[in-house]
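The values are calculated or read from the model by the stated rules, or taken from the named source; none is laboratory data. Computed from a prediction, not measured in an experiment: that's the story for all the values here. Backbone-built Cβ (ideal geometry, glycine too); neighbour counts: all protein chains shown. Accessible surface areas use protein heavy atoms only, side chains included; no ligands, DNA or RNA. Shrake-Rupley method; radii C 1.70, N 1.55, O 1.52, S 1.80 Å.
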Amino acid sequence: MRLFLPFSAFVLAAGMIACNEDMSGIGGSITTGEATIYIDTMTYDLQAHAIDNKSFDSRSGSMLLGNLDVPEYGSLNCSFVTRMMCAATLPVGIDTVPLERIDSCKLMLLVDKAGIAGDSLAPQQMTIYRLNKQLPSDINNEFNPEGYYDPSDILSRKNYTLTQRALSDSTFIADYPNVYIVLETKLPQEMAKDVVEKYRTEPSIFAWPQSFAQYFPGMYVEPSFGKGCVASIYRIRFVIYYHNLITTTSTVDGETVTKTTKKTIDIPIFTTAPEVLSSNNVTYKVSDYIRDLIENEGKTVITTPGGYTTRFTFPAREIIQDYRDKEHNLSIISNLLMNIPAESMTNDYGIGVVPTLLMIKTSEVDEFFRENKLADNKTSFTAAYDSTNKRYQFNALREYLLSLLAKDVITDDDLDFSLIPVYLQTEQNYNSYYGTSSSTVTGVVPYTIRPTMTMLDMDKAQVVFSFSSQIVK
């Protein structure tokens, strides 16, 4: 039998059952014997400690750019490298246009407004280089792009601020929702002509991302001026502009007048995408304030991008012992969940808590991200931050517990878990018949959307365990 209750009811029930050892007999009309539901709310010493991760998997669809110094948070410097994905075929309209009518090309960087940390009015400058060497497969946040580009061969350099007041009307494109700021930067005209000519003469280059990467290995983008702001770039688009000549005739005062007008057309050719490699180069020096909290006060803090994660021991042995002490000859485990209290840390830059945490066996962390796995609710789980109750709640730990009950020996590795900030990549699914939509998680990647710092109160973490037992006569 399962008992479904909200958390407040769980706590109330736990107070009556766990503390007073009260039992509710049920099920007499179904079978002979006494059935009892147990709901326990337990607080354990999780032996948690912060782990300083100087090196981490920095592959992400979100690219960080800029510099930031925050007394409470620390110093952050972000650049990135990225490949791009091409259209498989040349878009109709530009496939036959003469090369002399190709006017220019630009990069459009879509900056997520919610991913801006710091002062959006701070003057910034970025410099973009074309890569001349394939990116390594074992890339991480400590990747040094030296040797992968020519510092003297600058594709583009752009001065900007991340406020709409500094952007011209032409920057805003109807295709982009108002949650993005679009930064445009010009590229050499010859690059546009070369791309179109390659499409026409060697179309196989653009058939697959692997062959395209041989032609265009990607870009390195670095902050070359400015401090006080870090931006999260959601997507980059390479756009080619060309023009058509439209001739019209009309009759004026009995005479035929011919007029030729120029119509400019923009065509997106390449784009960044989750399917191709993008990786953040992150240098993060954690503040003395955070280090003091961890090293001298024993606090547990999680930061992004990089910095501290948390490692702890899940109290499965104690939970199983409690279960077996109450177990009778027929038992059914209903649910197991864990609540971890968490709060934001005071600062003047709007740096808040990380939205989602991944709880995963420590021995599986590297493999999880290397193989782009999803949380399986057996040894890996995700929890969103509950700002109302100020906590992360990891539900559905039942399968994990059942797997341990089936083992002859529970090892320390079975209990060793890590908490890692992550971003959930999702895909929207729309059912036209019912008029409903749903979201499916398609990827779990390290959180590199924006800087965050989160104080976890692991000493007050609670495990809520419910199961029913029955004595069959």
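Any chance you could tell me what percent of the C-alpha pair distances in the stretch 365-473 go past 19 Å? Present the calculation step by step, with values, prior to reporting the outcome.
Details: 3674 of 5886 pairs.
Every Cα pair in the stretch 365-473 considered, those over 19 Å come to 62 percent.
How do Cys86, Cys105 stack up against each other in accessible area, from largest to smallest, with a 1.4 angstrom probe? Display every interim value, and only then the final one.
On the way: Cys86 25, Cys105 0 Å².
Ranked from most to least accessible, the order is Cys86, Cys105.
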Practice task
Please provide three numbers in whole Å: the alpha-carbon extents of the chain along the principal axes, with the largest listed first.
Solution key: 107, 56, 42
Practice task
Using only Cα atoms, find the angle between the long axis of helix 316-326 and the longest principal axis of the chain, and express it within 0 to 90 degrees, rounded to the nearest 10.
Solution key: 40 degrees
Fill in the blank from the handout: From DSSP H assignment alone, runs of 4+ in the chain each adding -39500 (n - 2.57), the sum over residues rounded to the nearest 500 puts [θ] at 222 nm at -3500 deg cm²/dmol
Practice task
Using only the alpha carbons of the stretch 71-162, determine the length spanned along each of the three principal axes and report them from longest to shortest in whole angstroms.
Solution key: 57, 34, 27
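What is the gain in length, in nm to one decimal, between Arg370 and Thr283 on full extension, counting 0.36 nm per residue of separation less the C-alpha to C-alpha distance?
Values: separation 87, 0.36 × 87 = 31.32 nm, distance 2.12 nm.
Roughly 29.2 nm would be gained on extension.
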Exercise for the section: For the stretch 258-305, state what percent of all Cα-Cα pairs lands in each successive 10 Å bin, counting from 0 Å until the bin that includes the largest distance. Expected result: 16, 22, 16, 17, 12, 9, 6, 3, 0
Problem - Percent of C-alpha pairs per 10 Å bin, the stretch 77-125, short to long - result: 14, 35, 25, 21, 6
Exercise for the section: Please report the relative contact order for the chain, taking Cα pairs under 8 Å with a sequence separation of at least 6, and give it as a percent rounded to a whole number. Expected result: 26 percent
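What percent do you get for the relative contact order of the stretch 259-330 when only Cα pairs under 8 Å and 6+ apart count? Before the final figure, lay out each step's value.
Working: 21 pairs, mean separation 12.4, N = 72.
It comes to 17 percent, rounded to a whole number.
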Completion exercise
Computed ³J(HN,Hα) along the stretch 102-119: with the Karplus parameters 6.51/-1.76/1.60, θ = phi - 60°, integer Hz and x for glycine or proline, the list is 8, 8, 5, 8, 9, 9, 10, 9, 8, 9, 6, 4, 6, x, 9, 10, x, 8
Practice task
Step through the residues of the stretch 254-262 one at a time and calculate ³J(HN,Hα) from phi using the Karplus curve (6.51 cos²θ - 1.76 cosθ + 1.60, θ = phi - 60°), rounding each to whole Hz and writing x for Gly and Pro.
Solution key: x, 10, 7, 10, 9, 10, 10, 10, 9
Problem - Amide H within-cut-off set for Ile51, under 5 Å, with H built and near neighbours excluded - result: Thr309, Thr310, Arg311
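Give the peptides 446-459, 368-381 in descending order of average Cβ contacts within 10 Å, highest first.
Details: 446-459: 23.1, 368-381: 16.0.
Per-residue mean Cβ counts within 10 Å order the peptides as 446-459, 368-381.
When the Kirkwood radius is taken over all Cα pairs of the stretch 296-347, what Stokes-Einstein diffusion coefficient follows at 4 °C and 1.567 mPa s, in µm²/s?
Values: Rh = 15.0 Å.
In µm²/s, the coefficient is 86.
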Problem - With eigenvalues of the C-alpha gyration tensor scaled by 5 and rooted, the stretch 199-280, Å - result: 42, 22, 9
Handout entry: Calculated P(r) of the stretch 250-366 - Cα pairs past 26 Å, %
Key = 58 percent
Practice task
Using the charge dipole of the stretch 76-150 (Lys, Arg: +1 at Cβ; Asp, Glu: -1 at Cβ; taken about the Cα centre), state which of Gly93, Leu121, Thr82 has its Cα farthest towards the positive end.
Solution key: Gly93
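Using heavy-atom solvent-accessible surface (probe 1.4 Å) with all chains present, what is the largest-first order of His49, His243?
Numbers: His49 90, His243 20 Å².
Solvent-accessible surface, decreasing: His49, His243.
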Completion exercise
Counting sequence-distant residues (5 or more places) and residues on other chains, those with an amide H built under 5 Å from that of Thr300 are Leu456, Met458
Problem - Built amide H within the under 5 Å cut-off of Asn281, gap 5+ - result: Ser79, Phe80, Val81
Practice task
Could you run the Debye sum over the Cα atoms of the stretch 205-246, one equal point scatterer each and no solvent, and tell me log10 of I(q)/I(0) at q = 0.15 Å⁻¹, two decimals?
Solution key: -0.70
Exercise for the section: With θ set to phi - 60°, apply the Karplus curve 6.51 cos²θ - 1.76 cosθ + 1.60 along the stretch 185-190 and write out the HN-Hα couplings as whole Hz, x wherever there is a Gly or Pro. Expected result: 9, 6, 10, x, 4, 4
Fill in the blank from the handout: Ratio for the stretch 138-296, C-alpha Rg to 2.2 N^0.38 Å, reads 1.49
Handout entry: Once the Cα gyration tensor of the stretch 291-442 is diagonalised, semi-axes √(5λ) in Å
Key = 28, 25, 16
